[in-house]
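What follows draws every value from the coordinates through simple rules; no lab data is involved. None of these values were measured; they are calculated from a predicted model. Glycine gets a Cβ as well: all are built from the backbone with ideal geometry, and neighbour counts include every protein chain shown.
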Ligand SMILES: *Cc1c(COP(=O)(O)O)cnc(C)c1O
């Protein structure tokens, strides 16, 4: 597949041109910038990368700040028993980014830790250039332990994680000042970046004789005017938090902890709470998610800006060729895709078969499983974790095999589990058992090491994109949007973004009914019934009807579930207010 990631020229990267007209800084622990840069793990990072690519298309005045993650997240290997083995996944910044001369320090425990930014520049074929700063502690002046702080994305224990968040939030803020940026708005992508708001708070400490009795010496109002917080976590347990003992040990005499307890919670420093308290604009990533968050944190105003995907990144070249020809302005103004329902059906089907052929080749090369492009492929790929129920499709293997006798189909799966998520790894092993059990009945393949490259081949190549989260735990989800852009039909529990995009039998199908918190068995039954009675018969008996749905999915979903629309909303409603 042709690359949409323009070849970088690090020697031409200079920060000067960005300084005067950049007013917004977007902080994210992870960012999927390009496949060779292993600075992301999954959905959150892909969203940040898509966000940055849209900023570049739209020439928005934003600088991005993230960690360099020299050893990456993890490279996934699956052993003979179906168990995930994790390897480091290093990458070489020298080939892709440029070290800048600025350096800043922060005191962590007893030592000064120095941080240097590297510059990566996103170049949009239709717009401008967007700077990304990658923060790095691997410097000669640092203690050997501190040089490792920016190695492993989401690696290590609480202490390692808090050190990373100190580097991201506190050093990120200081790097921007050291470079000469004049930032007015800080956007926190998830709670990991909340320490930047804390460092701003320190900046705006009021002289003690200006503080009324009982009032905070910190000018919280001033910080709130500058901070925007996007939360992504719909469960309390998912929020990042640290013990105050740890905070005081790593940041001695940094800030008045008693004042922070009032903001971030009495028992733990809850990063979501901290970010909520210090941000004047807070949003969830879909309507349903904003409602859930509002219930979890009454007393705050939680708005909704539904996520999107960067269309040129996620369109298979067979589809971008069609869009370039029929809707030349789609990259800048994706709403023109609303007319995709008028495209000639054979054009759409032919493009789909090209994308599907690429997937069939990949599966055959990687897993040695032969799939038939004339039979439907069901795809499922995302982080392997219990709430997403990756094994729900395999609840009743006999039933699944019976359905496939009437209507043959094939399944492709992928996804990594976090190294500490034993249940997630158990699901991967479970899937490999099901693959064995279904051998000779249903072709099923698990593509190891799910990443940008695999996603860009897998998602556009399937006929049906499956999603089975426990509602309301899927904050948004984005991979279904990538599928729809390529004519893939979503079959999903009504949760996250799908609540907004679903029109039954038009853009895809629901599994069960809205608001149903069905037990696994009940949800599996809905899934089997829909596959057997609706989805597969349509594929085999009414191909014209199927293609009509493909075109409706492109027209109704891709035209609005994209990061162009999402960033225009952030720019108009969050950054300018
Ligand atoms: C899009 C994407 C995700 C996000 O998937 P969800 O649908 O949000 O679960 C995760 N990983 C990769 C590699 C992706 O491209």
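Descriptive notes on the structure:
- Each 10 Å bin from zero holds the following percent of Cα-Cα pairs in the range 511-577: 17, 24, 29, 21, 9, 0.
- Inter-probe distance in nm under a simple model that places probes 7 Å from Cα toward Cβ, at residue 420 and residue 522: 3.3 nm
- Per-selection Rg to Rh, the range 169-305 - Cα, Kirkwood hydrodynamic radius: 0.96
- Peptide packing: for 505-515, 242-252, 180-190, the average count of neighbouring Cβ atoms within 10 Å per residue gives the ranking 180-190, 505-515, 242-252, highest mean first.
- Antiparallel content of DSSP bridges confined to the range 147-285, in %, to 5: 35 percent
- Between the helical axis of 317-326 and the longest alpha-carbon principal axis of the chain there is an angle of about 90 degrees.
- At 1.002 mPa s and 20 °C, Stokes D of the chain from Kirkwood alpha-carbon radius, µm² per second: 87 µm²/s
- Residue ranges 410-419, 357-366, 384-393 sort as 410-419, 384-393, 357-366 when ordered by packing (mean number of other C-beta atoms within 10 Å per residue, highest first).
- Whole-percent P(r), the range 1-134, all Cα pairs, 5 Å bins from 0: 2, 10, 17, 21, 20, 13, 8, 5, 3, 1, 0, 0.
- For the range 38-87 and the range 296-344, distance of Cα centres in Å: 21 Å
- Note on the range 451-559: Rg/Rh from Cα positions, Kirkwood definition for Rh, rounded to two decimals, is 0.95.
- Estimated inter-spin distance, residue 36 and residue 184, nm [label 7 Å along Cα→Cβ]: 3.8 nm
- Nearest 10 degrees, 0 to 90: helix 520-530 Cα axis against the chain principal axis: 50 degrees
- Angle in degrees between helix 397-406 and the longest Cα principal axis of the chain, rounded to the nearest 10: 50 degrees
- Under the Debye formula (equal points on every Cα, no solvent term), log10 I(q)/I(0) of the range 209-266 at q = 0.20 Å⁻¹: -1.04
- The calculated FRET efficiency for residue 350 paired with residue 324, based on their beta-carbon distance and R0 = 22 Å, is about 0.90.
- Rg over Rh for the range 124-186 works out to 1.06, using Cα positions for both radii and the Kirkwood form for Rh.
- Per-residue packing, averaged as other Cβ atoms within 10 Å, sorts the ranges 81-87, 449-455, 113-119 into the order 113-119, 449-455, 81-87, beginning with the highest.
- Distance between the 7 Å Cα→Cβ label points at residue 81 and residue 139: 4.5 nm.
- Using every pair of separate Cα atoms, the Kirkwood estimate puts the hydrodynamic radius of the range 368-482 at 14.6 angstrom.
- For the chain, the share of DSSP beta bridges that are antiparallel, to the nearest 5, is 35%.
- With Cα atoms defining each centre, the range 495-549 and the range 150-225 are spaced 45 Å apart in the structure.
- Only helices enter this figure: runs of n ≥ 4 DSSP H residues, each worth -39500 (n - 2.57), summed and divided by the residues of the chain, yield -10000 deg cm²/dmol at 222 nm to the nearest 500.
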